[in-house]
Amino acid sequence: MPFRLDYRSAHRRIGIDRIAGLPPQFEGTRDGWLFRRHGHGPALPLSEAEHAGFMREGVRAVLLHAVALPVFGWLAWLLLARLLPGWGTNPRAALFGVVLALIGLALHLSLRHRADAPARALAGRRPVAPARDPDDATQPSYGTILVLMLWILFMAAVGTRQPPGFYIAFATAGLMLVLFLAIRRWRFQHRLTPAQRQRLRTAHKTERRERRAARRWWQTPLYLLFLLVGMILLGVIVIVALAITARITGTTIADMGFGPFMTGIIAGIVLGCFAIAPFDRLCRRWTGHSTLGAFDWWPLHW
């Protein structure tokens with residue numbers, strides 16, 4: 001059997017299975033597969049059929065959670081409107097931003113539990129290799145988190161086309177996300193030993209030198225062009241989703257209520273990520289990088 005690509009080195013590839021948090025935990029071998037919990041635990045052997053089964057279940061879980069996010073967001077808005085009829089739109093929007101972030105966190109934890117299913121199923125097997133150092137490839141730095149927070153606040157400040165409640169909810173949910181990312185980064189660093197931190201720093205320096213040596217001069221501007229076009233395509237898909245939502249609710253995008261507008265936004269982002277997958281594969285083929293790989297620190301990998 002030919003050797004297959006190590007999923008640990010290929011985790012930056014866009015795909016539903018990557019969102020499920022599964023590929024970084026599996027390594028292909030000449031005889032089958034190895035499973036490492038969280039990508040760095042002891043290596044447990046498993047068969048081709050077992051690996052395929054885990055991946056199928058992971059894809060089903062992602063599709064279910066993708067549908068659940070806009071549905072729960074819509075229900076949360078309706079529930080807040082029913083329970084807090086005396087609140088103004090802006091205070092209710094701020095509370096909705098917090099509730100929406102908590103819904104996202106709950107779905108995140110649910111996917112994390114699902115991604116840990118192989119560890120529970122293979123718990124009785126004897127490891128064939130010891131654990132290794134954790135990899136922080138998907139952990140954002142504090143500088144990245146700060147830039148994200150400033151971008152969220154800037155977008156909320158300059159927005160004028162939608163009601164103020166939309167930008168209040170957007171900023172509130174975004175700041176909750178920033179808080180989750182900061183806590184996640186702190187917990188990751190807190191669990192590392194001093195020796196592991198030093199080895200990670202050394203590995204990062206080596207990786208940067210190798211990347212500079214292998215990069216061709218035209219790949220960086222081409223990748224930036226792909227990234228720009230990809231974000232434009234994603235924006236177009238979001239607008240189309242908003243237009244469909246407006247048509248279903250019998251209104252226009254400009255006059256759409258806050259709940260339907262947020263539903264269209266969330267549905268558009270989810271559908272857009274799936275729709276631009278062929279474009280992303282072309283980008284990887286020509287530049288060696290994924291357009292959504294720029295956001296691989298997003299908390300989708302466990």
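Taking the conditions exactly as written (open to solvent by less than 80 Å² (accessible area, probe 1.4 Å) and over 30 Å from ALA254 (Cβ atoms)), does GLN162 satisfy them or not? Even if it seems obvious, please write down each step before you answer.
Details: open to solvent by less than 80 Å² (accessible area, probe 1.4 Å): yes; over 30 Å from ALA254 (Cβ atoms): no.
No: the conditions fail for GLN162.
Suppose we filter segment 198-242 for residues that are under 30 Å from GLN162 (Cβ atoms) and over 25 Å from the mean Cα position of the chain (by Cα); how many remain? Can you show your working first?
To start, the set of residues in segment 198-242 that are under 30 Å from GLN162 (Cβ atoms) comprises 224-242.
Imposing the further condition that a residue be over 25 Å from the mean Cα position of the chain (by Cα) reduces the set to none.
Qualifying residue count, segment 198-242: 0.
Just for segment 85-98: of the residues that are hydrophobic (A, V, I, L, M, F, W, C) and open to solvent by 40 Å² or more (accessible area, probe 1.4 Å), which one is nearest to GLY165 (Cα to Cα)? It would help to see each step written out before you state the result.
So the first thing to find is which residues in segment 85-98 are hydrophobic (A, V, I, L, M, F, W, C), and the list is 87, 93-96, 98.
Right, trim to open to solvent by 40 Å² or more (accessible area, probe 1.4 Å) and you get 87, 95, 98.
Details: TRP87: 12, LEU95: 10, VAL98: 13 Å.
Step by step, filter segment 85-98, then rank; the result is LEU95.
Is one or more of the residues making up segment 183-192 open to solvent by less than 80 Å² (accessible area, probe 1.4 Å), in a helix (DSSP H, G or I), in contact (Cβ under 8 Å) with a residue 60 or more places away in the chain and of a type in the set (D, E, K, R)?
Taking segment 183-192 and keeping what is open to solvent by less than 80 Å² (accessible area, probe 1.4 Å), we get 184-185, 188-189, 192.
Keeping just the survivors that are in a helix (DSSP H, G or I) gives 184-185, 188-189.
Narrowing further to those that are in contact (Cβ under 8 Å) with a residue 60 or more places away in the chain: 184.
Subsequent filtering for residues that are of a type in the set (D, E, K, R) retains 184.
Yes, segment 183-192 contains a residue that is open to solvent by less than 80 Å² (accessible area, probe 1.4 Å), in a helix (DSSP H, G or I), in contact (Cβ under 8 Å) with a residue 60 or more places away in the chain and of a type in the set (D, E, K, R).
May I ask you to say which residue of ARG212, ARG247, ARG199 is open to solvent by 90 Å² or more (accessible area, probe 1.4 Å), assigned to a helix (DSSP H, G or I) and touching a residue at least 40 places away in the same chain (Cβ under 8 Å)?
Working: ARG212 fails: touching a residue at least 40 places away in the same chain (Cβ under 8 Å); ARG247 fails: touching a residue at least 40 places away in the same chain (Cβ under 8 Å).
One residue alone meets the criteria, ARG199.
Go over the candidates LEU111, LEU107 one by one and state the one that is crowded, with 18+ Cβ neighbours inside 10 Å, touching a His at 6+ places or on another chain (Cβ under 8 Å) and modelled with pLDDT of 85 or more.
Testing whether each residue is crowded, with 18+ Cβ neighbours inside 10 Å, touching a His at 6+ places or on another chain (Cβ under 8 Å) and modelled with pLDDT of 85 or more leaves just LEU111.
Can you name every residue in segment 250-282 that is in contact (Cβ under 8 Å) with a residue 60 or more places away in the chain, aliphatic (A, V, I, L, M) and out of contact with any helix residue (DSSP H, G or I) (no Cβ under 7 Å at 6 or more places or on another chain)?
ALA254, ALA277
The values are calculated or read from the model by the stated rules, or taken from the named source; none is laboratory data. Since the model is a prediction, treat every value here as computed from it, not as a measurement. As a convention, Cβ positions derive from the backbone with ideal geometry for all residues, glycine included, and neighbour counts pool all protein chains shown. We work out accessible area using only protein heavy atoms, side chains counted, and drop any ligands, DNA or RNA first. Shrake-Rupley method; radii C 1.70, N 1.55, O 1.52, S 1.80 Å.
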